[in-house]
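Student: Sharing a structure with you now.
The values are calculated or read from the model by the stated rules, or taken from the named source; none is laboratory data. Remember, predicted model here, so these are calculated numbers, not experimental data. Ideal geometry is used to build each Cβ from the backbone, glycine not excepted, and the neighbour counts take in all protein chains shown. Areas reflect the complete protein model, heavy atoms only, side chains present, ligands, DNA and RNA absent. Shrake-Rupley method; radii C 1.70, N 1.55, O 1.52, S 1.80 Å.
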Amino acid sequence: MSKQNPTRIIIDTDPGVDDSMAILFAFCSPEVQIEGLTTIFGNGGGDITTLNALRLVELAGRPDVPVAQGAESPLQRKFEGFGWRVHGRNGLGEVDFPLPTVKPDPRRAAQFIVDTVMANPGEITLVPLGPLTNIALAVMLEPKIAENVKEVVLMGGAANAKGNASAVAEANIHNDPEAAKIVFEAPWKVTMVGLDVTRMTVMTPEYMEELKSAGNRYTDFICKIVPHYMAFYLEYDNLVGFHVHDSSALAYVIDPTLFTTKKLYVQVETNSPSHSGMTAADWRHRGNGEPNIHVCVDVDNARFLELYKQRLMGAFK
Ligand code: BDR
Ligand code: CA
C-alpha cells in the first residue's frame, strides 16, 4: 500500500526496545511522515528515553526530526513501573551505544504537540507508545487540539485480555491512569491498539534471524537490542519470541486494513487500587456511556509480520 500524501505523525514514546523497533518501522514506511518524537518516562526515566530517541533520529540520518522531552512522572502518582526490567536499564537491552550528538528541541513535549497540531489543523495523527501523560498535558494546555488532531492511535489498554502490569491493566495505562482517563474522554477519535491484538503477534528467533540477514543499520541495531527483551518473555511468559506491542500501533497507521476494530464504551479505572489502569470495555453496549473508543480486536498477523520484514529488510535499498 502506498499513499500519495503520507500521514503526518507525532510519536510520543519511551524507547524502549519495542518503541525503537516501531520508530524504525515508521522511518522506513512511506505511508507516514514523522513530524517529531516526544519522549516520556516509562521504560526508563525521561533522560534515558530522550537519549534513546535522539540516538534513533541519528541512526535514521534524520537529525532534522525534532525530539522534545516530556513528563518525568505521572500526573498524580509516584511512578512505580518496572519497564527497565523488560528493556534493560538503558532502555536498549543493556547494549552500550555512543552518546548522540543531536540535541533535543528546546520545547517541552506538550508544548511541541500543541504547536504542531495548531499549526496544521486536521493533519496530525498522535501515536502514543508510552504512558499518556504528555498527551493529557497537551490537551490541558490547549483543549482545542482535540478538534484539530486527525486521530489518536495509541498502544495501550486491554479490552478483553489479561493485563501485563497488573492482573487487569496494561503497562502504559497503568503507569498513568489519570492521564489515560483524560485522553480517553477528550473529544477526538481514539483508536486503541491494546494487548488484545498486540499479543496475537510473535516475532520468533527464526524471524529475527531472517531480519538479521539483511545486515543494514536498522536490522543490525534491532538485532543487538532484542536479546534482553526476548529473554524477558522466555522467563516471565514462557514464550519463545516476543510481542512487538508498539509496532502494532504503527502498523495500524501504515495500513489500517490489517486490523478489525469495534467501537466500544471504554472507561479507565482510576479509583480502585487493585484495578487501577484497567480499560473497562462495555461489550454489552448497555452501559451508561456511548461508544467512545475504536478498539482493535483482531489483526492479520501474517500480513503484519510480512510487512514489517519487508520494510526493515528493504531499508536503504
Ligand atoms: C507497552 O509497555 C511498554 O513496556 C512497551 O514499550 C509498550 O509500549 C506494552 O504494554
Ligand atoms: Ca512503549
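Student: Looking at region 266-286, is at least one residue within 30 Å of residue 94 (Cβ to Cβ) and open to solvent by less than 40 Å² (accessible area, probe 1.4 Å)?
Tutor: Yes, there is a match, as at least one residue in region 266-286 is within 30 Å of residue 94 (Cβ to Cβ) and open to solvent by less than 40 Å² (accessible area, probe 1.4 Å).
Student: Evaluate the following for residue 54: is it touching a residue at least 24 places away in the same chain (Cβ under 8 Å) and in contact with a helix residue (DSSP H, G or I) (Cβ under 8 Å, 6 or more places away or on another chain)?
Tutor: Against the criterion (touching a residue at least 24 places away in the same chain (Cβ under 8 Å) and in contact with a helix residue (DSSP H, G or I) (Cβ under 8 Å, 6 or more places away or on another chain)), residue 54 does not qualify.
Student: Out of curiosity, is residue 68 open to solvent by less than 60 Å² (accessible area, probe 1.4 Å), within 20 Å of residue 19 (Cα to Cα) and part of a helix (DSSP H, G or I)?
Tutor: no
Student: Say we look at region 19-43 and pick out the residues that are open to solvent by less than 10 Å² (accessible area, probe 1.4 Å), under 22 Å from residue 314 (Cβ atoms) and within 14 Å of the chain's Cα centre (by Cα); which of these is nearest to ligand 2 (Cβ to nearest atom)?
Tutor: Among those residues, the one meeting the criterion is 19.
Student: Among the residues of region 128-164, how many are open to solvent by less than 10 Å² (accessible area, probe 1.4 Å), in contact with a helix residue (DSSP H, G or I) (Cβ under 6 Å, 6 or more places away or on another chain) and not in a helix (DSSP H, G or I)?
Tutor: Within region 128-164, residues that are open to solvent by less than 10 Å² (accessible area, probe 1.4 Å), in contact with a helix residue (DSSP H, G or I) (Cβ under 6 Å, 6 or more places away or on another chain) and not in a helix (DSSP H, G or I) number 10.
Student: Among the residues of region 182-218, how many are farther than 30 Å from residue 149 by Cβ, open to solvent by 10 Å² or more (accessible area, probe 1.4 Å) and in contact with a strand residue (DSSP E or B) (Cβ under 8 Å, 6 or more places away or on another chain)?
Tutor: Number of matching residues: 1.
Student: Could you list all residues from region 262-286 that are of a type in the set (Asp, Glu) and more than 11 Å from residue 173 (Cβ to Cβ)?
Tutor: 282
Student: I've got another one for you. Run down 62, 77 and say which single residue is part of a loop (DSSP other than H, G, I, E, B), more than 16 Å from ligand 1 (Cβ to nearest atom) and closer than 23 Å to residue 270 by Cβ.
Tutor: None of the others qualify; the one that does is 77.
Student: Looking only at region 271-303, how many residues end up being touching a residue at least 12 places away in the same chain (Cβ under 8 Å) and either among the acidic types (Asp, Glu) or within 19 Å of residue 166 (Cβ to Cβ) (or both)?
Tutor: Number of matching residues: 12.
Student: Condition first: touching a residue at least 40 places away in the same chain (Cβ under 8 Å), hydroxyl-bearing (Ser, Thr, Tyr) and more than 16 Å from ligand 1 (Cβ to nearest atom). Can you find one or more residues in region 1-19 that meet it?
Tutor: yes
Student: For region 219-231, enumerate the residues that are in contact (Cβ under 8 Å) with a residue 60 or more places away in the chain and either open to solvent by 30 Å² or more (accessible area, probe 1.4 Å) or under 18 Å from the mean Cα position of the chain (by Cα) (or both).
Tutor: Once the filter is applied, which keeps residues that are in contact (Cβ under 8 Å) with a residue 60 or more places away in the chain and either open to solvent by 30 Å² or more (accessible area, probe 1.4 Å) or under 18 Å from the mean Cα position of the chain (by Cα) (or both), region 219-231 yields 222, 224, 225, 226, 227, 228, 229.
Student: Within region 93-111, does at least one residue satisfy the condition of being small (Gly, Ala, Ser) and in contact with a Phe, Trp or Tyr (Cβ under 9 Å, 6 or more places away or on another chain)?
Tutor: Checking region 93-111: at least one residue is small (Gly, Ala, Ser) and in contact with a Phe, Trp or Tyr (Cβ under 9 Å, 6 or more places away or on another chain).
Student: Hey, another quick one. Quickly run through region 117-131 and pick out the residues that are within 11 Å of ligand 2 (Cβ to nearest atom) and touching a Leu at 6+ places or on another chain (Cβ under 9 Å).
Tutor: Answer for region 117-131, where residues must be within 11 Å of ligand 2 (Cβ to nearest atom) and touching a Leu at 6+ places or on another chain (Cβ under 9 Å): 127, 128, 129.
Student: Something else about it: In region 44-54, what residues are open to solvent by less than 40 Å² (accessible area, probe 1.4 Å), out of contact with any Asp or Glu (no Cβ under 7 Å at 6 or more places or on another chain) and farther than 10 Å from residue 91 by Cα?
Tutor: Across region 44-54, the qualifying residues are 50, 53, 54.
Student: So which pairs qualify, if the first residue must be in region 304-317 and modelled with pLDDT under 95, the second must be assigned to a loop (DSSP other than H, G, I, E, B), the Cβ gap must be under 7 Å, and the two must be at least 6 apart or on different chains?
Tutor: Close Cβ pairs satisfying both conditions: 316/216.
Student: Here is a list of conditions, (1) touching a residue at least 60 places away in the same chain (Cβ under 8 Å); (2) aliphatic (A, V, I, L, M); (3) more than 22 Å from residue 253 (Cβ to Cβ), and residue 40 meets all of them except one; can you say which number that is?
Tutor: Among (1) touching a residue at least 60 places away in the same chain (Cβ under 8 Å); (2) aliphatic (A, V, I, L, M); (3) more than 22 Å from residue 253 (Cβ to Cβ), the lone unmet condition for residue 40 is (3).
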